[in-house]
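Inspection log for the structure reproduced underneath, given as C-alpha cells.
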Amino acid sequence: MRPTHDLQVLRYATLIAVCFAAPAFADFGEYQSHELAGQTLIVQSDVGELRVTAYDDAALEVHYLENGIKQLPSFAIAGPPDSVAIAVTETEKSIALAIDGMVAVINKSPLRIDFASDGEPLVSEEHGYFAYETVRGFRFALDGDEKILGGGQRVLGMDRRGHRMPLYNKASYGYEGETDQMYFSLPAIMSSEKYMIIFDNSASGWLDIGSTERDVLKFEAVGGRTAYLVVAGDSYPALIENYTNITGRQPLPPRWAFGNYASRFGYHTEKETRDVVKRFKRADIPLDAIILDIYWFGPDIQGHMGKLDWDRSAWPTPEKMISDFTKQGIQTIAITEPFILSTSDSWQSAVENNALAKNPLGEPRRFDFYFGNTGLIDVFDENAQQWFWGPYKMLFEQGTAATWGDLGEPEVHPGDALHWLSDAGIEATGDEIHNAYGHVWAQMVYENQIREYPDMRPLILMRSGFAGSQRFGMAPWTGDVSRSWGGLKPQIELSLQMSMFGLAYNHSDLGGFAGGEVFDKELYIRWLQYGVFQPVYRPHAQEHIAPEPVFHDRETRDIVRDYIKLRYRLLPYIYTLAYENSTTGMPLMRPLFFEDEDNTELIDEKNAYLWGNAFLVAPVMDAGIQAVDIDLPKGIWFDYWNDTRYDGSQSVSIPVTLETIPVLVRAGSFVPMIDDIDTTRDYSSRELTLHYYADAAVPEADGMMYDDDGSSRTSLEDGHYELLNFEAVQRKNSLSIALRRDGGTYDNIPDNRRLTIVVHNWTNDVNEVRFGDEVIDQKRHAPRRNSGAYYDADSKRLTVRVEWNHKAMRLRIK
C-alpha cells in the first residue's frame, strides 16, 4: 500500500536537500506564482508558464511554455487525463505535486523539477529545460550504474547508454550490424530505475544518453513541443501498463492477422497472384493473407507511384480475385505510399484538392526521389485526409482486409515543406513534424476505417510512427533488412526495444529482404523458425530469391510447413497474448530481465526472449552450429521438442538440428492448442488440447485462455468474449487441475468443449483419474474420441480426454 500524498511530500521534502544539488543555471526563469486548475498545476515564471498535469496515478506531463516559443500539439498522449487524487504542498523553496505513484517537486529558484516515487528519488532535471534559436530540449541527470533502454529501432545493444542517436525516422536499406538510425525512432527511454521519459516532440533532433556527458540524458530538437512525460512503476510490466495507459493500447487485431502471409516485392499480375495461392494449397501450407506490392497500380517500379488504382491490364478482375480469396479464407492487402508523382493520373486531383504539402508560395512542394518527381501528401491537413481516404475506401469496398503503408518516414521529406495541422490550426515545417508523419497517417486510416466500417478490426502495417502509434492498430516492421545472418541477428533486439514502448507487433521481413546472390537455405529456415514466435508471420523479400516456402526444395518446404502448422496450433495461446497486450500493454515478446528485475546484467541479453509467460525462445543466429548456449532464468524449464528437464539459474547448452531451435517451456505453464487448420477461417476451440507442464518444484500454478469471434472490433468493450481459467495444485503424488469459464457470449461460441489435457513430466504411477465426480477409465492407448486416460511412462506424459460443459470442474489425478 502506498503512503498518502501528504506523507509522500513530507518524506520527499526531507530527501531534497540531501539527494539533489541545485544546478548552476536554468533557462526558465524565476518562480512568480502557481495555481491548481483541475488536474494541472500551473506555475508562472518571469519567462513563461510551466504546466504539470497528472494523467493518471503514475504519470505526469511536464510542459514548458516559454513566451514567444512556438508549440505543436501532443502526438504521444492518447486522450484527456484520468481523474485522480492530487495533493499540492508549498514551502519557501518549492512546490510539490503528489499523485498516488509519484511526486514532482518544482524548485522555485532556479525553476526545475525533481521526481520521486515511494519516498525515494526517481529522476531529476539536471539543467532541465533549454531553448535557443536553433535547438530546444531538456537535460536530466543519470545515476552512475543506471541502464537505459529506448530510442526505438536501433542496432546498438539493449542498453543504449553511451550513445547519441538521431531522432529522425529514416530508411536504412540493407542494414546489418550496428545501426544508429532506422525507420522508427522513439524519443523515449526506460530506466533500470523503473521510470520512463517520453519527449513529446515530433521534430528532427537527437537523443543523447550519456554520450556527450556521461551522467546526462539529453533530448534535443530543432523545434516542436517543449514537453515530456514521466511514468513510474513498481515493476517493468507495471511501467509498461502505466505508459500504455497514457499513450494508448493496441486494439485487438483480427485473428487472421496471426496466420501466415504470402508477400514479396512483388506480384506483377492477377494470374501470378492466383497461382501463388494455389501453390500454398498444393503444398499443404496454411495461408491467411496475401500482400500486393507496387505492381497492383503499375507495371514498373518507377513512374507510377500515386496512381492508387488498379492496372487493369495486369489485374483485369481484382474484385473477383479478392472475393475468391476471401471465400478460401485468405485476406488481401495492397500497398499504399504517400507520394504522388507529378506524372501520375492522380496528380491534378491531388493539387485541386489541396492534398499536398506546400512550398512558401502556397504551391505543391515538388522534389525528385528514386521513384520520380513527386509531391508529398499532407496527412496533417483534413482536406488532404479526405482526399487520401478515397483509395482506401475503394480498396475496402472491393474487399481488402487491412492497410499496408510504405515509405512513411517519409523516405524523402524536405525540411522546408509546409504542412497544415488542421486540429491545431497552425502551420509546421517538415523538420518540425517529420517523426509524426507515419503516426498521423495511421491515425487517418484508423479513424476513417472505424467510422465507415465499425465492425472491422483495423490492422495497419507501417514502418514508421511515433510514441503511441500502437493505439491506431499499427504493426511496424523493421524495414529493408539484409538477407543475411547479419540481418537476422539484430531482430530480437529491435522487437524487444519496440515492444516495451507499446509497439508490440514489431516484426521483420522473415527470411530477409535486401540483397543475397543465391538462396541460403539454412538462413531462410532459421529465420522462418524464429518467425513462429514473433507477432506477425510475414516472409517478404525482393523477388529474385523467392520469399515463399512453396518455391523451394522439398526439405525446406517440409521443415517450414511444420513450423507454420505449429504456429496455427498455437493460435489459442498467441491470441491470448494479444488479449493481454490490448488490456494491459504487456508485449508478446518479453525480455529475460523481466524474470529477475534486480539483476541489471540481464538487460543486455538480446539473443533469447520470452514468448508470453510460458516459452523461452533462443533462435539460431549463426550457420552450422550444433548447440545454443542459454543462461536460463530461475525456475524449471522443459525442452518443447522432447520434454528434457532443465534447472534454471544456470547456463545450459541446447542441442539443435536443422529441424529444431531452442524452445523451452516454463514449469507450471498451461499451453492451449488446437488441431491443424488450413486458415483461421476454420479456427475453432471446440476441440482443445491443454498442455500442462508439471513439476514438484511448482506446487501451484494458473493460466488463462482468451477467445472470441476473431473479428468484431468491439468484442472487449461489449464483453463478447470468454476467458477459460486453469489452476493446478500439485501435492506429493497427486495433481488437481481446476477449470472455470468466465465471460459473455459471441457468435459461434462452443457450447461445450472436447478437452484433451496432456500433463507433461508426470513421474508417478496413475491409480485414479477423476473429472468432477466421474472416474475416467484408463486406456492402453491415447484416447481419440471418447473419454479416457492414458499414461505413457517412457515420455512421462499423462493424456486425459473429457467432455467439458463449461461448468466449474476439477480434474484429479492420484
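Debye sum, Cα scatterers, the chain, no solvent: what log₁₀ I/I(0) at q = 0.07, 0.10 1/Å?
Debye output, listed in q order: -0.55, -1.10.
Return a whole-number percent for the relative contact order of the chain, with Cα pairs under 8 Å and 6 or more residues apart as the contact set.
Dividing the mean separation by the residue count of the chain yields 10 percent.
List, largest first, the extents of the alpha carbons of region 84-149 along their principal axes, each in whole Å.
On the principal axes, region 84-149 reaches 38, 29, 23 Å in Cα extent.
Taking the full set of protein chains and a 1.4 angstrom probe, give the accessible area of Phe551 in square angstrom, rounded to the nearest 10.
Surface open to solvent at Phe551 totals about 80 Å².
Heavy atoms only, probe 1.4 Å: what % of the accessible area of the chain goes to carbon and sulfur, would you let me know?
The nonpolar share, carbon plus sulfur, comes to 45 percent.
So who's got an amide H within less than 5 Å of the one on Gly157, skipping anything under 5 residues away but keeping other chains? H placed 1.01 Å off N, in plane.
For Gly157, no residues qualify.
For region 296-425, how big is Rg over Rh, using alpha carbon atoms and the Kirkwood form of Rh?
For region 296-425, the value is 1.00.
Only bridges whose two residues both fall in the chain count here: according to DSSP, what percent of them are antiparallel, nearest 5?
In the chain, approximately 85 percent of DSSP beta bridges are antiparallel ones.
For a test of the definition: using alpha carbon positions, the gyration tensor, and the 1.5 limit on a/c, classify region 247-293 as rounded, prolate or oblate.
In terms of gyration-tensor shape, oblate.
Per q in 0.16, 0.28, 0.30 1/Å, what log10 I(q)/I(0) does a Debye calculation on the alpha-carbon atoms of region 133-187 return?
-0.56, -1.20, -1.29
Provide Rg and Dmax in Å for region 565-617, with only Cα atoms included in the calculation.
12.4, 38
Quick one: give the max-minus-min coordinate of the C-alpha atoms of region 700-813 along each principal axis, largest first, in Å.
The Cα atoms of region 700-813 stretch 48, 30, 27 Å along their principal axes.
Of all the Cα-Cα pairs you can form in region 280-332, what percent are over 18 Å apart?
Summing the P(r) of region 280-332 above 18 Å gives 42 percent of all pairs.
Could you work out how much longer the chain between Arg554 and Ile625 gets when fully extended? Use 0.36 nm per residue separation minus the Cα distance between them, nm to one decimal.
Working it through step by step, the gained length comes to 23.4 nm.
Just to be sure I follow: if Rg is taken over the C-alpha atoms of region 369-453 and Rh is the Kirkwood radius over the same atoms, what is Rg/Rh?
0.98
Take Thr40 and Arg274, extend 7 Å from each Cα along the Cα→Cβ direction, and tell me the distance between the two endpoints in nm.
Using points 7 Å along Cα→Cβ, the separation is 5.9 nm.
Determine by what factor the alpha-carbon radius of gyration of region 149-251 differs from 2.2 N^0.38 Å, reporting the quotient.
It is 1.07.
Quick one: accessible area per residue over region 630-735, 1.4 Å probe, rounded to a whole number of Å²?
Per residue, region 630-735 has 41 Å² of solvent-accessible surface.
What is the mean projected area of the alpha carbon convex hull for region 407-512, to one decimal in square nanometres?
The number I arrive at for region 407-512 is 7.9 nm².
What chymotrypsin sites (Phe, Trp or Tyr not before Pro) does region 118-205 have in DSSP loop regions with at most 13 other beta carbons within 10 Å?
Filter output for region 118-205: Tyr132, Tyr173.
Could you work out the per residue convex hull volume over the alpha carbons of region 642-684, in cubic angstrom?
121 Å³
Tell me, what ³J(HN,Hα) does each residue in region 771-780 have, in order and in whole Hz, if you take phi through Karplus 6.51 cos²θ - 1.76 cosθ + 1.60 with θ = phi - 60° and put x for Gly and Pro?
Per-residue couplings from phi come out as 10, x, 8, 8, 7, 8, 5, 8, 10, 8 Hz.
Accessible area per residue of region 324-405 at 1.4 Å probe, in Å²?
38 Å²
List every residue whose amide H lies under 5 Å from the amide H of Tyr129, counting only residues 5 or more places away in sequence or on a different chain, with H placed 1.01 Å from N in the peptide plane.
Correct list: Asp27, Arg139.
Per residue, how much accessible surface does region 458-607 expose to a 1.4 Å probe? Answer in Å², no decimals.
22 Å²
Taking amide H positions as placed 1.01 Å from N in the peptide plane, with prolines and chain starts having none, which residues 5 or more places from Gly248, or on another chain, fall under 5 Å of its amide H?
Ala78
Quick check: from the Cα gyration tensor, does region 222-313 come out rounded (a/c under 1.5), prolate or oblate?
oblate
The values are calculated or read from the model by the stated rules, or taken from the named source; none is laboratory data. Since we're looking at a predicted model, the values are computed, not measured. Here the Cβ is made from the backbone with ideal geometry for all residues, glycine too, and neighbour counts use every protein chain on show. Surface areas here come from the heavy atoms of the whole protein model, side chains and all, with no ligands, DNA or RNA. Shrake-Rupley method; radii C 1.70, N 1.55, O 1.52, S 1.80 Å.
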